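The values are calculated or read from the model by the stated rules, or taken from the named source; none is laboratory data. Keep in mind that this is a model prediction, so the values were computed, not measured. All Cβ positions, even for glycine, are placed from backbone atoms using ideal geometry, and neighbour counts span all protein chains on display. The protein model used for the area step is the full one, side chains on, heavy atoms only, and it has no ligands, DNA or RNA in it. Shrake-Rupley method; radii C 1.70, N 1.55, O 1.52, S 1.80 Å.
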Amino acid sequence: MPVPWFLLSLALGRSPVVLSLERLVGPQDATHCSPGLSCRLWDSDILCLPGDIVPAPGPVLAPTHLQTELVLRCQKETDCDLCLRVAVHLAVHGHWEEPEDEEKFGGAADSGVEEPRNASLQAQVVLSFQAYPTARCVLLEVQVPAALVQFGQSVGSVVYDCFEAALGSEVRIWSYTQPRYEKELNHTQQLPDCRGLEVWNSIPSCWALPWLNVSADGDNVHLVLNVSEEQHFGLSLYWNQVQGPPKPRWHKNLVWPLEPDSVRTNICPFREDPRAHQNLWQAARLQLLTLQSWLLDAPCSLPAEAALCWRAPGGDPCQPLVPPLSWENVTVDKVLEFPLLKGHPNLCVQVNSSEKLQLQECLWADSLGPLKDDVLLLETRGPQDNRSLCALEPSGCTSLPSKASTRAARLGEYLLQDLQSGQCLQLWDDDLGALWACPMDKYIHKRWALVWLACLLFAAALSLILLLKKDHAKGWLRLLKQDVRSGAAARGRAALLLYSADDSGFERLVGALASALCQLPLRVAVDLWSRRELSAQGPVAWFHAQRRQTLQEGGVVVLLFSPGAVALCSEWLQDGVSGPGAHGPHDAFRASLSCVLPDFLQGRAPGSYVGACFDRLLHPDAVPALFRTVPVFTLPSQLPDFLGALQQPRAPRSGRLQERAEQVSRALQPALDSYFHPPGTPAPGRGVGPGAGPGAGDGT
């Protein structure tokens, strides 16, 4: 079986310190007190009934402090038990009340009043012991001579020998007088186990110390316990969930019946086993909760630290943003936050343990799209408003402006202009500096525009030469048409993805689907990745432009149905307008219905539109009948057919379609698990709208 991460512990208890103890001979309890005091122990135990507090009639003895000491009570030299000695310190509390006759007649005292003031004080002191599963109370009688009676002063102590308790147990002690004039004293004593005693060979229950050996044969673990026939043990296998004393959430008795006893030994055989650590990190994962908060989900606690890094497209390693940011200690299953102002798909989280990279995930990629060809600018602020800028590149951070030969240095002037004009996205800001993400795609487009211009000039010159040779004109045109078709196929078909923004969880699910489709020969457009253009143009204008461009290029519009989308479609079909709802200002699906419906009503939708919905979220029958005039697929169960519908209309069916469907399914599965089974809360979006429910997509 796979190597687990366990704590092996024999029996129960904890080990404080190593002690050398005094020995008492004989089985009888005893008591003794300070010089000048007299005391005796009642022959039998009493009922533990403290009673209510009553007013003191005059000076009384009251317990003021409890002091404990561990001793051994021995029948023989090698037959001892652990015992708890208790000393009760006493003091005189209260005062004499003045007689009324003395106050009235000026202090004429008779012999009847002076005699009690010179008398001794007596008290009955109760000691109550509780140590699971036993409890007992003993009574000590104490007498203090009149010479030692001084109000508010200590008169000495009385010592009780002794209370027997099990090794490793917790003993609670109370002391009060009978009758009770003041609140009782209390004290808790934790007894050591066999490992905390020098005289363990004098205690029979500590004699048997087994020898435990752990060996591994491949993925199989063998536990070997060497115990003689006369010895009996309970071997328990524990899961150590947290640091510190063992607090098992699961254990199993492997050998003989387990009896209350002291810990003999414990061993954590897999604490330094690299295979156990590898299994642990394979089961761990990172979860993005909000823009700034995330957590590390792992089976048990482990030391780790995390930091943000920047990953550029092209396969270069993710570069840690330390400094200006710093490494943060990570606690398993505890929500952590990064001081970000905005998210970015190129921002990733690195988790290190023992100075080794264990996890790295780009948490924002699912909701914000694939990696972008942006440059990260690091701004450093100094005294007197001095600041410097550098661009993060694989070779390091290039200062701007710079005469270096790197890409950022060549475009440094343009990057600084974009930063000053507000075209860069600020990701982080504090007193020491800031982080900015500046787009580079427009400069790449300019460079490619020059290349294309040169190609067009070359093509024009070549066309002129070929036209001069009429015999070769038809052949040249045929080759040119094949080149255009092959170029269009290489670019991939355009796909416009429309959905209803039901909630943030569904938006992350849509982002994961769009990112997975981008890995195929498809050019995906979705409003999640165009927030800036959507805000500048408005949802209606943005959608009209995207729809027109997609259909002109022979692309396809994907309607992703959810309970919220079905509700909006039904509302439009009934009233012809969309009433107010709980939708955000960037909901392109809401704005798209005004021109999507005419395509369906006039029969232009087949061939240009497809529908889709997620299994367990919506049944295809819940989609309005008007929209079922085009194919409606359930995902991920019908992914191969869905991807086939997204191909070019006359394109041959690729033999890799099933392989691509599996690739999209694998990329989509973590987002589906997070949406339908979020940690600690019910899945968002389920049970809302028509057709939603646990079995909504089971019939396809």
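Descriptive notes on the structure:
- Modelled FRET efficiency - R0 22 Å, VAL54 with GLN122, Cβ distances, 0.05 increments: 0.85
- For GLU22, the solvent-accessible surface computed with a 1.4 Å probe is close to 80 Å², ligands and nucleic acids excluded.
- Range of Cα positions in the range 324-424 per principal axis (Å), largest first: 45, 35, 26
- Label-point separation in nm, GLN574 to THR290, each point 7 Å along Cα→Cβ: 3.5
- Peptides 556-562, 593-599 ordered by average Cβ neighbours within 10 Å, highest first: 556-562, 593-599
- Solvent-accessible surface of the range 588-646, averaged per residue with a 1.4 angstrom probe and all protein chains in place: 33 square angstrom.
- For VAL155, distant residues with modelled amide H under 5 Å away: LEU90, ALA91, VAL92
- Under 27 Å, Cα to Cα: Lys pairs in the range 319-432, sequence gap 8 or more or different chains: 4
- Remark on SER399: its backbone amide H falls under 5 Å from those of ALA391, a criterion applied only to residues 5 or more positions apart or on other chains, H modelled at 1.01 Å from N.
- Distance between the modelled labels on SER637 and GLU413, one decimal in nanometres: 6.1 nm (7 Å Cα→Cβ projection).
- Paramagnetic label reach from ASP430 (point 7 Å along Cα→Cβ; backbone nitrogen cut-off under 17 Å): within the range 379-413, residues 379-383.
- Taking 0.36 nm per residue of separation and subtracting the Cα-Cα distance, full extension of the segment from GLN602 to GLN537 would add 20.6 nm.
- Accessible surface, 1.4 Å probe, highest first, among residues ARG311, ARG172: ARG172, ARG311
- Using a Förster distance of 35 Å, the FRET efficiency for GLU184-ASP79 (Cβ separation, nearest 0.05): 0.50
- Here GLU272 and TYR132 are evaluated by their C-beta separation; at R0 = 35 Å the FRET efficiency comes out at 0.45.
- For PHE633, distant residues with modelled amide H under 5 Å away: GLY611, ALA612, CYS613
- Accessible area (Å², 1.4 Å probe, nearest 10) - ILE46: 40
- Here the 3J(HN,Hα) profile of the range 57-66, calculated from phi with Karplus coefficients 6.51, -1.76 and 1.60 at θ = phi - 60°, is x, x, x, 9, 8, 9, x, 10, 7, 10 Hz, Gly and Pro shown as x.
- Each residue was assigned an accessible area with a 1.4 Å probe, and for SER637 the value is about 70 Å².
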